[in-house]
Amino acid sequence: MWRVVARTEKSAVVALLTCTGGEEVDRLTSGDPELLAFLTGRTSSEE
């Protein structure tokens, strides 16, 4: 599972979560245009 923690026009920070309890296990920061496009309108993997 994942959740968007922060987002700007040029980058996003995504928290990577456990499937069982939703605990954060890592964070990913990226400015990849494809990732930013994928995240448009989404705040988590549950959408």
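The values are calculated or read from the model by the stated rules, or taken from the named source; none is laboratory data. Given the structure is predicted, the values throughout are model-derived calculations rather than measurements. Don't worry about glycine lacking a Cβ; one is built from the backbone with ideal geometry, like all the others, and counts go over all protein chains shown.
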- Message: Can you report the number of residues in region 26-44 which are assigned to a loop (DSSP other than H, G, I, E, B) and acidic (D, E)?
- Response: 1
- Go through region 1-31 and give me each residue that's surrounded by 10 or more Cβ atoms within 10 Å (Cβ to Cβ), modelled with pLDDT under 95 and β-branched (V, I, T). none
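Of the residues E34, E46, which is loosely packed, with under 14 Cβ neighbours inside 10 Å and touching a residue at least 40 places away in the same chain (Cβ under 8 Å)?
Being loosely packed, with under 14 Cβ neighbours inside 10 Å and touching a residue at least 40 places away in the same chain (Cβ under 8 Å) holds for just one of E34, E46, which is E46.
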- Task: Look through region 1-25, keep the residues that are outside any loop (DSSP other than H, G, I, E, B) and among the charged types (D, E, K, R), and return whichever of them is farthest from R42 (Cα to Cα).
- Result: E24
